[in-house]
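Notes follow the structure.
What follows is calculated from the coordinates using simple rules that are stated; it is not laboratory data. Predicted model only: the values in this text are computed from it and were never measured. Note: ideal-geometry Cβ built from the backbone for every residue, glycine included; neighbour counts use all protein chains shown.
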Amino acid sequence: MNVDCLIAEIGSTTTVVNAFNLKDEIAFIGRGIHQTTVETDVREGLSLAILDLKKNLNIDEIHYDEFFASSSAAGGLKITVHGLVYDMTARAAKEAALNAGGNIHLITANRLASEHLEKIKQIKPNMIIIAGGTDFGEKDVAFANLLDVIDLGIPIIYAGNIANHERIKNLNKAHITLVENVYPRVDMFNIIPLREAIYKTFEEHIIHAKGMKDIFKMVDHVIIPTPGAVMDSTMLLDEMFDGVMTLDVGGATTDVHSISKPKPEFERMLEGEPFQKRTVEGDLGVYINRKMVLDTLKDFEIKQRFGMQRLEITHILETEPFIPETKEGQHIIDLLTERCVELAIDRHVGDLKKVFTINGYKVIPEGKDCTQVKAICLTGGALLYAKNGEDIVRRYLKKQQTKLVPDPNIPIYRDHDYIFASLGVLSRIYPQEAKILLKKTLRM
């Protein structure tokens, strides 16, 4: 069988291979899936996922013109971020790194201390981001921080005051990438240049797991972080809806992506909040972090929700594989998925806060305003395989009184073909074809 392209998503728990035709009839052809073989060689999981694809299509051979991939295997993209002021340059760099699919392991502000350097050495990040200073403002802190980490042998992206560019170039270090300032003016986020540099650095420098080096040789284009690919799809969705949120509940993490402006009356108070926001909850996953999700509930809440004791549930979770095989196991995973959704949205969106002023109490917004989101899209295995994913989300929205969440009656779409990450990868080369396939998977 001939197809136009295969796209592999090499995740921390599963490897998925999707097949597409992009010419005469733009279509999703089929999918193969296998558990990721991080401990041995990721190529094994990839080969078995392709074998599963052939089995699902009932064919002996598959030939493709192009091969693309995204990856979050072996912990994904570990990043440390270092800025001047925590709520300004450090935060802007953090938002860009999350937007690109990074997992942030350390954020610092002002000068790096010796304990920070020790922590960076312990973390062994895949890349370090140095920010600091608006353009042609303070420049010495960012430059000094860069000098502190320059000999660690870790790829560095400098996204601070551009007044430092010439003296950084004079250092003549191949592992330093210069980009536009991520925070060029007060309350202005300039995320896209840093985001693109993260993708490029990810591809050029990072071999995540055993066998990834060979997969890099197989692909026709840049390998990008899988969560970043989901944000790429979310950006395409925003072109359709003008305000969108994507919920992605996975085996290791739960990610929330939102693109929206605040209400006009909140704009002045929420200056500095990113237009595009991604949060990743590393403690919320329904396979690797099942027990951690269960631990967020008290014993009486567990009894109330699950109708079982904690020990009973723990025993069932220990015997269920990454895709549950029993009705009882699926029911428990559905309830854990609901808990992931509740906590992840709660942490992502802002709130209305009461503050005391000389004129009495006032209510002011704080954090990301998602009230103007016009559609919610669900992806990730847990939400897609849950019995009623849409109901899970609506139940949470209806309970909120002060959170800046979307309207409970908002349209909710499912990524029926489970291809959001693949389409994010595809959109970087074939944006129009990706948009058509997005509408198909959402059954629009």
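Structure data summary
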read-out: Cα-Cα pairs of region 1-100 separated by more than 23 Å (percent); value: 42 percent
read-out: Spin-label pair TYR361/ASN110, simplified geometry with 7 Å Cα→Cβ offset, distance in nm; value: 3.6 nm
read-out: Whole-Å semi-axes of the ellipsoid equivalent to region 277-343 (Cα gyration tensor, √5λ, descending); value: 19, 15, 10
read-out: Of the DSSP H helices in the chain, those whose Cα atoms cover at least 27 Å axially and whose Kyte score averages -1.0 or more; value: 327-348
read-out: Stokes-Einstein D for region 57-109, Kirkwood Rh over Cα pairs, 25 °C, 0.890 mPa s (µm²/s); value: 179 µm²/s
read-out: Label point distance in nm, LYS398-LYS298, each placed 7 Å from Cα along Cα→Cβ; value: 2.4 nm
read-out: Space enclosed by the convex hull of the alpha-carbon atoms of region 77-205, per residue, Å³; value: 84 Å³
read-out: GluC sites (Glu not before Pro) restricted to region 1-104 and DSSP loop, no more than 15 other C-beta within 10 Å; value: GLU25, GLU39, GLU61
read-out: Extension gain from ARG167 to GLN330, taking 0.36 nm per residue of separation minus the Cα-Cα distance; value: 52.9 nm
read-out: Relative contact order (percent, whole number), the chain, Cα cutoff 8 Å, 6+ residue spacing; value: 14 percent
read-out: Ranked list, fewest to most other Cβ atoms within 10 Å of each Cβ, for VAL393, VAL182, VAL230; value: VAL393, VAL230, VAL182
read-out: Spherically averaged projected area of region 367-444 from its Cα convex hull (nm²); value: 6.0 nm²
read-out: Distance from region 20-94 to region 217-279 (C-alpha centre basis), Å; value: 18 Å
read-out: Net charge, ASN161 excluded, C-beta distance under 13 Å - Lys, Arg +1, Asp, Glu -1; value: -2
read-out: Gain in span if fully extended, LYS263 to LEU152, counting 0.36 nm per residue against the direct Cα distance; value: 35.5 nm
read-out: Computed Rg/Rh of the chain, alpha carbon atoms with Kirkwood Rh; value: 0.97
read-out: GNM result for the chain, Cα springs below 10 Å: residue of ILE29, ILE223, ILE59 fluctuating most strongly; value: ILE59
read-out: Dipole magnitude of region 169-300 about its Cα centre (Cβ charges: Lys, Arg +1; Asp, Glu -1), debye to nearest 20; value: 520 debye
read-out: Subset of LYS327/LYS439; LYS387/LYS439; LYS298/LYS354; LYS139/LYS173; LYS291/LYS439; LYS263/LYS440 violating a 26 Å alpha-carbon distance limit; value: LYS327/LYS439; LYS298/LYS354; LYS291/LYS439; LYS263/LYS440
read-out: Most mobile listed residue (ALA90, ALA131, ALA386) in the chain, GNM with C-alpha springs under 10 Å; value: ALA386
read-out: Viscosity 0.890 mPa s, temperature 25 °C, Stokes-Einstein D of region 225-441 from Kirkwood C-alpha radius, µm²/s; value: 135 µm²/s
read-out: Residue among VAL85, VAL405, VAL244 with the largest mean-square fluctuation in a Gaussian network model of the chain, springs linking Cα atoms under 10 Å; value: VAL85
